[in-house]
Amino acid sequence: MSHPPSWVKPALAGVAGVAVMLLVGFVDPNQRGFYPTCPSLLLTGTYCPGCGSLRALHALAHLDFAGALGMNPALLLAIPYLLWVWTFWLLRTLGKAQRKRLAPAWTLWALLGAILTYWALRNVPALAPWLAPGGVVAPAFQ
């Protein structure tokens, strides 16, 4: 039994990413009913680091960068990094990149710290216009 070529996994991940963007682009998360409510928001009433991500992806699918920034500013920072990691993964499987780690281990701790800090700060009322999904009061939760 032979194994599929190593590039198949990153290729499938890329196809899945495009499919998710198409779905979120066509099925508006601002309309209730199709997507579930964030469990963290539902249970605690606070925004998690991912709150607003579906609406931000929907805005990006429609090239509304300001709208995406208003829904989840961290997502706009994460997308280029995720694309870079995916590209490195694909190139590595094709033999076009050396087998090295993407970053030193301490960066995972720094990333965790940044995510936890973002999580706390986006729930501070004074920072809501910049960090909460949709500004002071997200339209979907009014």
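Every number here is computed from the coordinates shown, using simple stated rules; none is lab data. Because the structure is a prediction, the values reported are computed rather than measured. Quick reminder, even Gly has a Cβ in these numbers, built from the backbone with ideal geometry, and neighbours come from all protein chains shown.
Okay, here's what the table says:
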{"read-out": "Odd one out for Met1 among (1) in a helix (DSSP H, G or I); (2) exposed (fewer than 13 other Cβ atoms within 10 Å of the Cβ)", "value": "(1)"}
{"read-out": "Selection status of Leu94, in contact (Cβ under 8 Å) with a residue 60 or more places away in the chain and closer than 30 Å to Val8 by Cβ", "value": "yes"}
{"read-out": "Meets criteria (touching an Asp or Glu at 6+ places or on another chain (Cβ under 9 Å) and free of Cβ contacts under 8 Å to residues at least 60 places away in the same chain) for Phe65", "value": "no"}
{"read-out": "Residue count for the stretch 17-57, restricted to those that are within 14 Å of the chain's Cα centre (by Cα) and of a type in the set (A, V, I, L, M, F, W, C)", "value": "10"}
{"read-out": "One residue from Asn72, Asn30 being in contact with a Ser or Thr (Cβ under 8 Å, 6 or more places away or on another chain) and over 21 Å from Ala13 (Cα atoms)", "value": "Asn72"}
{"read-out": "Residue within the stretch 4-23 that is within 30 Å of Pro129 (Cβ to Cβ), surrounded by 11 or more Cβ atoms within 10 Å (Cβ to Cβ) and not aliphatic (A, V, I, L, M) present", "value": "no"}
{"read-out": "Given (1) closer than 17 Å to Pro133 by Cβ; (2) touching a residue at least 12 places away in the same chain (Cβ under 8 Å); (3) surrounded by 10 or more Cβ atoms within 10 Å (Cβ to Cβ), number of the condition Ser40 does not satisfy", "value": "(2)"}
{"read-out": "Any hit, the stretch 106-122, residues being surrounded by 11 or more Cβ atoms within 10 Å (Cβ to Cβ), of a type in the set (D, E, K, R) and under 30 Å from Pro5 (Cβ atoms)", "value": "no"}
{"read-out": "Residue satisfying condition, being free of Cβ contacts under 8 Å to residues at least 24 places away in the same chain and surrounded by 15 or more Cβ atoms within 10 Å (Cβ to Cβ), within set Tyr81, Tyr35", "value": "Tyr35"}
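Here is a yes/no grid of residues against (1) farther than 19 Å from Met21 by Cβ; (2) out of contact with any Phe, Trp or Tyr (no Cβ under 7 Å at 6 or more places or on another chain):
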position: Gly33; (1), (2): yes, yes
position: Cys38; (1), (2): yes, yes
position: Leu41; (1), (2): yes, no
position: Gly50; (1), (2): no, yes
position: Ala56; (1), (2): no, yes
position: Phe65; (1), (2): no, yes
position: Leu77; (1), (2): no, yes
position: Thr87; (1), (2): no, yes
